[in-house]
Protein chains: 2
Amino acid sequence: MTTVQRPPARTRLLQAADRVLFTNGIRATPVDDLLRQAEVSTATLYAQFGSKDGLLAEALRLRLADWRSIWDECIISAGDDQARLLAVFDALEAYRGQRLPPARWCAFLATATELPNAQGEIGDVVAADTALLNDRLRHLASPLAGARAAELADDVVLAYNGTLAAFLRGHPADPIEAGRRLARAAVGAYRTA
Amino acid sequence: MTTVQRPPARTRLLQAADRVLFTNGIRATPVDDLLRQAEVSTATLYAQFGSKDGLLAEALRLRLADWRSIWDECIISAGDDQARLLAVFDALEAYRGQRLPPARWCAFLATATELPNAQGEIGDVVAADTALLNDRLRHLASPLAGARAAELADDVVLAYNGTLAAFLRGHPADPIEAGRRLARAAVGAYRTA
DNA sequence: GTCTATAAATCGATAGAC
DNA sequence: GTCTATCGATTTATAGAC
C-alpha cells in the first residue's frame, strides 16, 4: 500500500516560510505562525535553523536558486537576442505562476526593506540577487547595445524593479505586460541610435 | 537679545519620525529611538499622536504634501510637454536633496512593505501617493501620447518605481539619471509610433 | 527529533506626580 | 504639557522531559 509521504519537518518549515513571509510580511509574521503552518514545534525550528533569521536566509537561498533556474530556462527558450534580454519578464511570470499565492512583490527587495541593516548571510543573499540581475542583463544586452550594454542593462533593471514595485502599488493592473513594453522601448532606443 | 527658538515637541517628533523611520526602517525603529531623537518624553508622543502609527500617518501626510508641492514647482519650471512629464525625476532629485539623510528609498512603498495590512489613515495616505502619481502622469502624458496617454503614463510610473527600487538595491550608481533616460526612451517610442 | 512549558528580551502604551 | 516609572502584550529563544 502506497502512502503519500509527508515531507520532513525541515522541508515543511522552508515551504511555510516561503509561502508566508513574503506575502504577509517578514517582521509581521511571528515565529508561531510559521510553526503552525508547518505543523512543527518550536524546538525543531531552532534545532534546524538556529533562529528565525536563519530560516529566512535559507528560504531566500532556495528562492534565488529556483529563480535562477527558471530564468535560465526562459533564456534558452527565447528565439533571438532581444527575446533573451526580455526573458527576465517571462521568467517573472513563470516564477509567480508557480507559487500560489505569489509573493506580494519581491522577496529580496522586501528583505532589504524590512531588515535595513542585514548583514551576514541575509545581506549576502540579497546582494547576490542584485548581482545576478546586473551581471546577466549586462551580458544579454551586449549583442544588442555593444559598448553601451551597461546602459541598456540598467534600463532593463529599472523596468524590472518598476514591475515588482507595481505589484506592491497595485497599479498598473498587469505589471509584467507593462514592464515588458517599457523594456522593449528601451531596446528600441539603442537600435535606432 | 534674539534666541533661536526650539521647535515645539510636536514638530520635533514629526521631524524625528521623518528622519529616522524611512532611513532606519519603520518597524526596526523602536518608539524610544524617536523619543530620544526628538528629546521628548513618552507621554508627549501619546498625547499628540495616540500611537506610533498615528505619528507615522501624520509624518506620511506631511511628506506627501511636501512631495506634491515640490513636484508642482518642477512641472511649472519645465519648458515643454516632454520636460513636464519627466519633471517627476527633477522633483525626486530636489526632494531627496532637501532631506539629509534622504530616505533609503521611498517612504510610501516602504510603508506598504512593512505594514502589509495597513488600513485606515496609513493605508489611505499610501494609496493617495499612488493615486497622485498615476493621475498626474496620465494628465501630463496626454499631450505627448493622446489616446495612448495611459500607456505612456504607466511606462513612466514603472521607470519611477524602478528608480526608487534602485536606491534600495544600491545599483545603478545614479538611479535618477538612469530613470530619466529610461523614461525618455519610453516617450520616444510614442513619438515615432 | 519532538513535545510542552517557560524563560528572556523587546516594545508599545499607560499611570500618576508635578 | 511634561516627567519618571512601570505595566502588559508580544515575540524570540531555551529548558527539560519523552
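The table that follows gives values for the structure above.
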quantity: Exposure proxy ranking, count of Cβ atoms within 10 Å, fewest first, for B:142, A:77; calculated: A:77, B:142
quantity: Gyration tensor (Cα) of chain B, equivalent ellipsoid semi-axes in angstrom; calculated: 35, 17, 15
quantity: Value at 222 nm in deg cm²/dmol, rounded to 500, when DSSP H runs of n ≥ 4 in chain A each add -39,500 (n - 2.57); calculated: -26000 deg cm²/dmol
quantity: Compactness of the protein assembly as shown as Cα Rg over 2.2 N^0.38 Å, two decimals; calculated: 1.05
quantity: Other protein chain Cβ atoms within 10 Å, averaged over every residue that makes up A:112-120; calculated: 5
quantity: Only Lys, Arg (+1) and Asp, Glu (-1) charged, at Cβ; chain B dipole about Cα centre in debye; calculated: 280 debye
quantity: DSSP H segments from chain A that extend 24 Å or more along their own axis, Cα-based, with Kyte-Doolittle mean of -1.0 or above; calculated: A:52-77, A:81-98, A:120-145, A:149-169, A:175-192
quantity: Chymotrypsin sites (Phe, Trp or Tyr not before Pro) lying in DSSP loop within region B:2-61, provided at most 16 other Cβ fall within 10 Å; calculated: none
quantity: Test item: A:16-27 mean partner chain Cβ contacts at 10 Å; calculated: 2
quantity: Residue order, fewest to most surrounding Cβ atoms within 10 angstrom, among A:76, B:26, B:122; calculated: A:76, B:122, B:26
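Here, each number is a calculation from the coordinates, and none is a lab measurement. Quantities reported herein were computed from a predicted structural model and do not represent experimental measurements. Virtual Cβ from ideal backbone geometry, glycine too; neighbours counted across all protein chains shown.
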